[in-house]
Structures are given as structure tokens and as C-alpha cells.
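The values are calculated or read from the model by the stated rules, or taken from the named source; none is laboratory data. Just so it is clear, the model here is predicted, and its values are computed rather than measured. Ideal geometry is used to build each Cβ from the backbone, glycine not excepted, and the neighbour counts take in all protein chains shown. Surface areas here come from the heavy atoms of the whole protein model, side chains and all, with no ligands, DNA or RNA. Shrake-Rupley method; radii C 1.70, N 1.55, O 1.52, S 1.80 Å.
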Amino acid sequence: MIDQFINFVIRPPRADYNPEQYLWEKEFTLAGRQFKRQDLELTNARGHKLRCSHYMPSPFPEETPLPCVIYCHGNSGCRADANEAAVILLPSNITVFTLDFSGSGLSDGDYVSLGWHERDDLKIVVSYLRSERQISRIGLWGRSMGAVTSLLYGAEDPSIAGMVLDSAFSNLFDLMMELVDVYKIRLPKFTVKMAVQYMRRVIQKKAKFDIMDLNCLKVAPKTFIPALFGHASEDKFIQPHHSDLIFKSYAGDKNVIKFDGDHNSSRPQFYYDSVSIFFFNVLRPPQISSACSSKLEKYYDLGDLKVGAGMDEDPMLSRNIRPDGDEQSNLQDKPNGQSDECCSYTSSNRESWGRCSSLGGSDEESSADCTAANNGNQVTLDVLATPLKSTQQKSSDPPKEEKKKQKKQKKQKKRDSTTPKPKHEKLEKLEALSKRLRLCILKRVSHRRPRST
């Protein structure tokens, strides 16, 4: 019984999987955009090789560093657990890095330490990402053991932008005592404490860490990184009061979300939406939307038309039509240092990024989303085209005796030549614009989904 309990702590069931079957493909499409999986190996301080994967856009935007979230799995998990994180974060221009901790998955090592040595593995990953010029801010997303790992490392590295801590335990010793009651091990209290002390010595000899040192309540008051806590209300393995204790003593900006389910159940959609919004706020990814710009470039020769109502008065797009038929599109400068983008990332968009239904998107859908993001706003398409020349030719100077009559005739001719264009021309232009917008909304492209674990 004691040996089983020891293995329960340092040698839980190990995930043995095929990366080509259980991870996202090397090249895949998500929300109408191309992404890739880059596999690599890192070596930790103990000489163990760590199998890692980095999900990023394909191709990576030039001279535009992107933020990254490191996903930290649980004690029996592996990097395949980060598949959902990739679905949620990649469409919002946040790359996802995941790894098999030492003793887990396909990495080297014989034992796990429930966060103690995993903290050093996480340090190796952060150092690697810091050396990459393509990565800007870094966030952490941990579940169970991964949440404890993130919290222990966050206390040492205040440069982390934000952390999502799902089902963390407050104190390993207290957790072990609780599990005795959960699994209904009928022993006197003093006997259980003696058994735990014996387990402590065995674990310290095998896995090289002291279970008494794994106490998140000691580091929480010294950690100031923005954190989002999550816990299932029916979790019997790590009960919700563990997150409550850490949350109460945590020193940084914090929020907590409780949801239905147990320790291993899938998380509800609103929780993923909250995670997506949280990381968007703390990581501030760049607003890259080439699809929207390419679609707007197709709208030409529309005259001075106003689409929508109630936007900022500054025109967003100006278009030059050359006499030879070539088209030149220029985005005007925007206030407050905004980047030259046609897309406005509103909170409603960010909430939808975490939805699995976004997998079925396409380039056309992305353009439609950008148009919808400006709902209630007004875009002025200012076309700088050469005005039509008047067909009326200028007559030669009349004789002096007829000047007065000619002036009256000129005034009359000017009135006739400057009459406004028929309204049906503007209606035709508006109809052409609406057809283009409908095409962008209605078209869809099939997508590929990974095999679930």
C-alpha cells in the first residue's frame, strides 16, 4: 500500500504516444490561416532531454515578434494536452510552446516531482524563448502539477506577463493527508503521519526532493504576476479549497473562476473564453491581419461612399486609381500610434477566438470578421480619381457688343453642365459593394482537425 502511494506521487501512469498521431500536424490550417508545429529538444540541468513543440504562424511575420504561452501539463499528462490551448490562442497571434516535463511523456527521466524539478525544466524553456528574437512577452498556462510548476517559477521570474493556474494544490503534505480520506484508507491518524514520514524519506532518496518543500502558500504572497485561477467545483482529487487558499494569499492582480466538472473533465467554453481574453490583455499581441487588407484592396472605383454609420471621423482607407488602370492602396496614419490595420479587435472578437467553431474559418471569413468588428463604425472610402472632364468646350471671346448676352448664356450652360449625377449611379455602386461583402461572408473553406487523445 505504501509503495503504491509513493508511486502515486512520483511515478504515476506515464503517457506513451505518437507525436504524429496525437499532436497537431506539422502544417495545418486554423481559422483560415496557416500554422506549423516545430519540434525541438532541450536539455535540462540534470542532463535530461526534454521533447518540446512550438506552434506558430507559417510563415512567421517578419520583424514582428509575437508573444508566447508555455503550456504546462499535469502529472500524468504530456504536450498533447496543449492542443486545446493552440486552438484558443493561435488565432489571436499568440504562439504556444509545450513540452514533456522530465519523467513525463517522451522526455528523459524516471520520476516526476509535482512541480519541484519541473520548475527547472520551465526555466530552460523560458531561457530558450528569451534567446529567440521572434518572441516578445511570455505567459504560463498550467494545469494541476503544471499550475504548481508555473506558480513556483513565477515567484522567481517577475518578467512573466501572466499566468493561468488550473487546479493547483496549496500544500503537498495536506493533499496527501486528504487523499487518505478520499480513498478511505482506514488507519489511525498517527499511523498515517508515520507512513507519510516514511514516504518522505523514500521520495527524497528516489526523486531527490522533499515533499514538505512543495508549499505554494509560501510563494504566493511574494508573487505579483497577474493570475487567473480556475478550479472545478466537483474536484475530489485536488479539492477547490486549495485554489481558494492560494488565491487569498496571492499578492498580484488575480481573478478566480469556478466551473462544473471534476479534476480531469474538459473545461467549459466560457472558461476558455476567459483565458483567451486574459492572455490578450496581458500579452498584447500585435494586430496582424493581412487577410483583411487584401480583401479591402479589391474594393475599388466606388467613388466617395460611406459604409456603416457612427465611426470615427478619420478616414481609414484612401485609394488612388491611376489613369493606366493600376491601383494603389494606402492606409492613412491612425491616431494614438495604432498600426496600419483594417481590423479592429473588439472584446466580442476576442471572446470568439476561443471557440472551436472558429476552426471552420477561411480568408474570406477573416475578412468578414474584420468587417463585423467595426460594426457600428463608419468607414469612408475616399477615392482620389481624376474628375470627369466637361464635354462642353470653351468658346472663343465674343465681340464686345455681345458680352452681356454671352455671360447670361454661360451661366445657363454652367448650370446645365454641373447638374448632379443621377442617383441610380450611386445605388449601383452601393449594390456592387454589398455583393462583394456578401461573397466574403458566405464563402467557407474546409478545415482539418487533429486526432483527439
Going through region 179-204 one residue at a time, which ones are closer than 25 Å to G146 by Cβ and either modelled with pLDDT of 90 or more or hydroxyl-bearing (S, T, Y) (or both)?
-> Y183, M199, R200, V202, I203, Q204
Examine region 52-68 for a residue that is more than 16 Å from the chain's Cα centre (by Cα) and part of a strand (DSSP E or B), and state whether such a residue exists.
-> yes
Residues of region 102-123 being under 23 Å from the mean Cα position of the chain (by Cα) and buried (at least 19 other Cβ atoms within 10 Å of the Cβ), which ones?
-> L122
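What number of residues within region 135-170 satisfy the criterion of being free of Cβ contacts under 8 Å to residues at least 60 places away in the same chain and touching a Cys at 6+ places or on another chain (Cβ under 8 Å)? Break it down stepwise before answering.
Going through region 135-170, the residues free of Cβ contacts under 8 Å to residues at least 60 places away in the same chain turn out to be 153, 156-157, 159.
Applying the additional criterion that residues be touching a Cys at 6+ places or on another chain (Cβ under 8 Å) yields none.
Residues that pass the stated criteria total 0.
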Please state which of the following conditions D81 fails to meet, knowing it meets all the rest: (1) outside any loop (DSSP other than H, G, I, E, B); (2) closer than 25 Å to I124 by Cβ; (3) open to solvent by less than 50 Å² (accessible area, probe 1.4 Å); (4) not hydroxyl-bearing (S, T, Y).
-> (3)
Considering each residue of region 1-44, count those that are within 24 Å of the chain's Cα centre (by Cα), among the hydrophobic types (A, V, I, L, M, F, W, C) and more than 18 Å from E84 (Cβ to Cβ), and give that number.
-> 1
Looking at region 29-44, which of the residues that are hydrophobic (A, V, I, L, M, F, W, C) and at pLDDT 95 or above is nearest to I88 (Cα to Cα)?
-> F35
Which residue, of M212, M194, is free of Cβ contacts under 8 Å to residues at least 60 places away in the same chain and either touching a helix residue (DSSP H, G or I) at 6+ places or on another chain (Cβ under 8 Å) or under 23 Å from V69 (Cβ atoms) (or both)?
-> M212
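Within region 179-191, work out how many residues are open to solvent by less than 10 Å² (accessible area, probe 1.4 Å) and free of Cβ contacts under 8 Å to residues at least 24 places away in the same chain.
Filtering region 179-191 for residues open to solvent by less than 10 Å² (accessible area, probe 1.4 Å) gives 179.
Within this subset, residues satisfying the condition of being free of Cβ contacts under 8 Å to residues at least 24 places away in the same chain are none.
Of the residues in region 179-191, 0 are open to solvent by less than 10 Å² (accessible area, probe 1.4 Å) and free of Cβ contacts under 8 Å to residues at least 24 places away in the same chain.
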The correct count of residues that are more than 19 Å from the chain's Cα centre (by Cα) and closer than 25 Å to C78 by Cα in region 225-245 is 12
Might you check whether a residue that is among the basic types (K, R) and either buried (at least 23 other Cβ atoms within 10 Å of the Cβ) or more than 26 Å from D16 (Cα to Cα) (or both) occurs anywhere in region 45-61?
-> no
Give me the pairs, please: first residue somewhere in region 37-51 and without any contact (Cβ under 8 Å) to a residue 24 or more places away in the chain, second residue anywhere and part of a strand (DSSP E or B) and open to solvent by 30 Å² or more (accessible area, probe 1.4 Å), beta-carbon distance under 6 Å, and either six or more positions apart or on two chains.
-> E41/K49
Considering only region 124-176, how many residues are among the polar types (S, T, N, Q), closer than 27 Å to P286 by Cβ and surrounded by fewer than 24 Cβ atoms within 10 Å (Cβ to Cβ)?
-> 5
All positions within region 97-111 that are farther than 10 Å from T149 by Cβ and either in a loop (DSSP other than H, G, I, E, B) or among the basic types (K, R) (or both) | D100, S102, G103, S104, G105, L106, S107, D108, G109, D110, Y111
Residues (surrounded by fewer than 18 Cβ atoms within 10 Å (Cβ to Cβ), assigned to a helix (DSSP H, G or I), modelled with pLDDT of 95 or more and not hydrophobic (A, V, I, L, M, F, W, C)) located in region 247-295 | K248, S249, Q269, D273, N281
